[in-house]
Protein chains: 2
Amino acid sequence: MNVAIMGYGVVGSGVAEVLKKNHESILKKSMQSTLELKYILDIRDFPGDENESLIIKDFDTILHDESVGIVVETMGGLHPAFEFVSACLQAGKSVVSSNKELVAAKGDVLLRIAEEKNVSFLFEASVGGGIPIIRPLSQCLAANEIDEMYGILNGTTNFILTKMIDEGLDFDTVLRMAQENGYAEKDPTADVEGHDACRKICILASLVYGTHVYPDSVHTEGISKIDLADVEYAKNWGGVIKLIAQAKKVDENRLSAIVSPAFVPGSSQLANVHDVFNALLVRGNAVGDVVFYGRGAGKLPTASAIVADVIDCCQQDGTKKAYGWKSCEENIVVDYLDQNTALYIRAEAQAPQEALAAVRNTFGAVTVLTRKDAPETEIAFVTPVDTERALRTKLDTLHSVKPLSVLRIAEC
Amino acid sequence: MNVAIMGYGVVGSGVAEVLKKNHESILKKSMQSTLELKYILDIRDFPGDENESLIIKDFDTILHDESVGIVVETMGGLHPAFEFVSACLQAGKSVVSSNKELVAAKGDVLLRIAEEKNVSFLFEASVGGGIPIIRPLSQCLAANEIDEMYGILNGTTNFILTKMIDEGLDFDTVLRMAQENGYAEKDPTADVEGHDACRKICILASLVYGTHVYPDSVHTEGISKIDLADVEYAKNWGGVIKLIAQAKKVDENRLSAIVSPAFVPGSSQLANVHDVFNALLVRGNAVGDVVFYGRGAGKLPTASAIVADVIDCCQQDGTKKAYGWKSCEENIVVDYLDQNTALYIRAEAQAPQEALAAVRNTFGAVTVLTRKDAPETEIAFVTPVDTERALRTKLDTLHSVKPLSVLRIAEC
């Protein structure tokens, strides 16, 4: 069996490296007589690279070479990744992808082609980097109805939040630091505004609930507006702020899904996930809480997940994979404003004591939070649980307080 | 496809319950037209039980019924479980077992029969209850060489240690408490002396390193001698005491494996595993650290892992499973005394200051630990890293100190 890699960036070169480094054990597990890397497709040149002789520029070389049974897509982006992957699957080649943008946008279409052609389309590396998540979710937890999932699925934002929490540095300072040491891109929007985490929870929700969940149906907030004051109030409350991507079953046909920074109780396993690490908490109706934890990105962790999928393609050679999901005909994601939550609210109030009295009158039993050296006009509290719409409507009626920050409380 | 359950205890009845509760989604995932529970083998009577009509006493009924393609073994113990499982596999039936004693003692033999007969022998539930561990280890991490594994694999001991740490209760008090609420057996030996954790690490090591590792080749210490003084010193050191089952690759042909209570640094993911929860930290050469966390025992969690295996048997119907391990011809586990470790030592010394000077002379730079209200004649310290044999030999030369407790430092 021959393998081709499309996209020789950080992850693609990691795949080449892992295939070489652990070649003997990989070959044994793949149950093939050979497993050779034959082509690497990239528009760039790599003079002096150890795999220079494998580099090609023409996609058709891969497409028309029948000895290539498995194609690894590590190009990223929607186009031309979608066209290339479609063509490979149509040609009867199995495809392994780490491209969450592709899977989140076109997973249903690609899975359908794979099924029709009786080949595999696998994407373990698209969520959680090297952490086994997608296969355990689809296989090991198959006996469960998954009631809900909570994930820390983006390493960049978790690194930033960890530094804010542990070292008291503000968002802009840490973002610069993250960019300097390669944990954040020059344009950090996809990470810090939650889009990356959103794509990943869409993939997981599609897999678990069986219907494609599109990123633009999921309300998404990033962490760029988190203030150190919020970090301190979270501590006072007994927890930490994390960027949480969550999905819950609402009823047989609908689910809720949201990505936003949230207060996470200190007792949660997710509270202890630091730096660039990722974790997913899955709540099954039989198994209870299960957590998967590890490095959510990085060259070798991600490559290891891809290579595991390559091995799986070899083992499954000629038999179709059992998982997939159907296309979405109508939006199955309910409005997040109709979901129950408690809210943390930090606000400015010229007369704090009177304002808190009004808050209690409006919300009932709130938990008032404090922090050292707070401005005299600042108040902070956590509301009881209600629909977010009801809570925000109540907040709007409080003319004596001016909200500075509103965050959800996660039940993980 | 029909299913039979052998052993209608806590776990066996949980399997019946999960099969019924999630029947529709299980049937869909199993890709079978039917998936019916046909027999439950048990020597006891269950008058009034909802599955009373399925209870049989004669194993041969299952063995000779060709409509039974999958047999679930939840009897526990070595005999007659081994004979029954062997016979089922020989008869061409797939078997799913939660019986760690059976798998740890006879896994190699049973896997060989399964391979010969082209059926599945699966045992996800034998380690970590409902947490997906065995399948991710064998599949998702297939692209890695696993350098080492550290597990909290026994819920009873972790519950006891958690109570000792959090509430300052002594071992005997907490053991009684655990027995009263069903977290510990009347005869708690297998749990508290580490035998249960030992069986589990043997199964994992066999799977990862490809050769059967027998429980009696693994040095095993329990937690019954842990004193609250040790718990306090661990806190002072910056960590907690956990019962750690570990396995490491030493070279191509040998591994180290040991089960013992150990100091775990507070920064480790394993330090935050509380109560009856289990976790396994796997260190791969590509993926880095990955942690699996969840309920390691209990009716429904364990049953969910078994049912996932049942679904897998259905999907794999007619194709053999890719994993297995060979029988052990010579012991591949090295002597634990030759392995490197740091040791925590608590000792009695009539002249503590002089004794600590002698300790420093002998061991070099030790970390001296303190606790409130310690007897004046008590000293405690952590040694530098060396082979355990060298450290213990040095300790023996110190005639001015009388060791009260010696524990390893885990590098997890």
## Note on the structure
Per the filter on the range A:56-70, residues surrounded by 11 or more Cβ atoms within 10 Å (Cβ to Cβ) and either touching a Leu at 6+ places or on another chain (Cβ under 9 Å) or modelled with pLDDT under 95 (or both) are A:Ile56, A:Phe59, A:Thr61, A:Ile62, A:Ile70
### Query
So how many residues does the range A:176-213 have that are assigned to a helix (DSSP H, G or I) and in contact (Cβ under 8 Å) with a residue 40 or more places away in the chain?
14
### Message
Checking the condition at positive phi and not aromatic (Phe, Trp, Tyr), which residue from A:Gly194, A:Gly151 passes?
### Response
A:Gly194
### Task
Go through A:Ala197, A:Ala184, A:Ala143, A:Ala190 for me and flag whichever is out of contact with any Cys (no Cβ under 6 Å at 6 or more places or on another chain) and under 30 Å from B:Leu27 (Cβ atoms).
A:Ala143
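A quick yes/no check of all residues on (1) within 30 Å of A:Arg112 (Cβ to Cβ); (2) out of contact with any Gly (no Cβ under 7 Å at 6 or more places or on another chain):
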| site | (1), (2) |
| --- | --- |
| A:Asn144 | yes, no |
| A:Met164 | no, yes |
| A:Asp187 | no, yes |
| A:Ala197 | yes, yes |
| A:Ile201 | yes, no |
| A:Lys248 | yes, yes |
| A:Glu252 | yes, yes |
| A:Ser256 | yes, yes |
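So that you can scan it fast, the table gives a plain yes or no per residue for (1) under 30 Å from B:Gly294 (Cα atoms); (2) surrounded by 17 or more Cβ atoms within 10 Å (Cβ to Cβ); (3) not hydrophobic (A, V, I, L, M, F, W, C):
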site: A:Gly296; (1), (2), (3): yes, yes, yes
site: A:Ala308; (1), (2), (3): yes, yes, no
site: A:Cys314; (1), (2), (3): no, yes, no
site: A:Gly324; (1), (2), (3): yes, yes, yes
site: A:Ala351; (1), (2), (3): no, no, no
site: A:Val368; (1), (2), (3): no, no, no
#### Entry: Test: residue in the range B:336-351 that is farther than 30 Å from A:Cys314 by Cβ and without any contact (Cβ under 8 Å) to a residue 40 or more places away in the chain
no
#### Entry: Residue check, A:Pro80 out of contact with any Leu (no Cβ under 9 Å at 6 or more places or on another chain) and surrounded by fewer than 21 Cβ atoms within 10 Å (Cβ to Cβ)
yes
### Total residues in the range B:255-292, condition among the hydroxyl-bearing types (Ser, Thr, Tyr) and modelled with pLDDT under 95
2
### Task
Mind listing just one residue for me: the one in the range B:360-380 that is among the hydroxyl-bearing types (Ser, Thr, Tyr) and in a loop (DSSP other than H, G, I, E, B) and, of those, nearest to the chain's Cα centre (by Cα)?
B:Thr370
### Query
When the range A:101-139 is examined, which residues are found to be of a type in the set (Val, Ile, Thr), closer than 16 Å to A:Tyr209 by Cα and either within 11 Å of chain B (Cβ to nearest Cβ) or surrounded by fewer than 18 Cβ atoms within 10 Å (Cβ to Cβ) (or both)?
A:Ile133, A:Ile134
### Query
When residues of the range A:214-235 are filtered for being touching a strand residue (DSSP E or B) at 6+ places or on another chain (Cβ under 8 Å) and over 30 Å from A:Cys328 (Cα atoms), how many remain?
8
### Query
Condition test on B:Gly324, is it small (Gly, Ala, Ser) and free of Cβ contacts under 8 Å to residues at least 24 places away in the same chain?
no
### Message
Name the residue that is surrounded by the fewest Cβ atoms within 10 Å (Cβ to Cβ), counting only residues in the range A:283-294 that are over 17 Å from A:Gly129 (Cα atoms) and not acidic (Asp, Glu).
### Response
A:Asn285
### Task
Within the range A:388-397, identify whether any single residue is within 16 Å of A:Ala234 (Cα to Cα) and crowded, with 18+ Cβ neighbours inside 10 Å, and answer yes or no.
no
### Query
Which residues, counting only those in the range A:221-244, are of a type outside the set (Gly, Ala, Ser) and over 18 Å from A:Ile160 (Cα atoms)?
A:Asn236, A:Trp237
### Message
Taking the conditions exactly as written (away from chain A (no Cβ under 14 Å), within 22 Å of B:Gly298 (Cα to Cα) and buried (at least 18 other Cβ atoms within 10 Å of the Cβ)), does B:Met1 satisfy them or not?
### Response
no
### Message
Scan the range B:316-323 and tell me whether some residue there is closer than 30 Å to B:Leu35 by Cα and touching a Leu at 6+ places or on another chain (Cβ under 8 Å).
### Response
yes
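Each row is one residue, and each column tells you yes or no for (1) away from chain B (no Cβ under 14 Å); (2) over 21 Å from the mean Cα position of the chain (by Cα).
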position: A:Gln315; (1), (2): no, yes
position: A:Trp325; (1), (2): no, no
position: A:Asp335; (1), (2): yes, no
position: A:Tyr344; (1), (2): yes, yes
position: A:Ala349; (1), (2): yes, yes
position: A:Ala358; (1), (2): yes, yes
position: A:Val382; (1), (2): yes, yes
### Residues (of a type outside the set (A, V, I, L, M), under 30 Å from the mean Cα position of the chain (by Cα) and modelled with pLDDT of 90 or more) located in the range B:24-40
B:Tyr39
### Message
Please pick out the residue among A:Ser53, A:Ser94, A:Ser30 that is surrounded by 21 or more Cβ atoms within 10 Å (Cβ to Cβ), of a type in the set (Ser, Thr, Tyr) and over 18 Å from A:Ala114 (Cα atoms).
### Response
A:Ser30
#### Entry: Scope the range A:158-195; condition acidic (Asp, Glu), under 15 Å from the mean Cα position of the chain (by Cα) and more than 18 Å from A:Val273 (Cα to Cα); matching residues
A:Glu193
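The values are calculated or read from the model by the stated rules, or taken from the named source; none is laboratory data. These numbers were taken from a predicted model, which means no experiment stands behind them. Here Cβ is always computed from backbone atoms with ideal geometry, including for glycine, and neighbour counts include all displayed protein chains.
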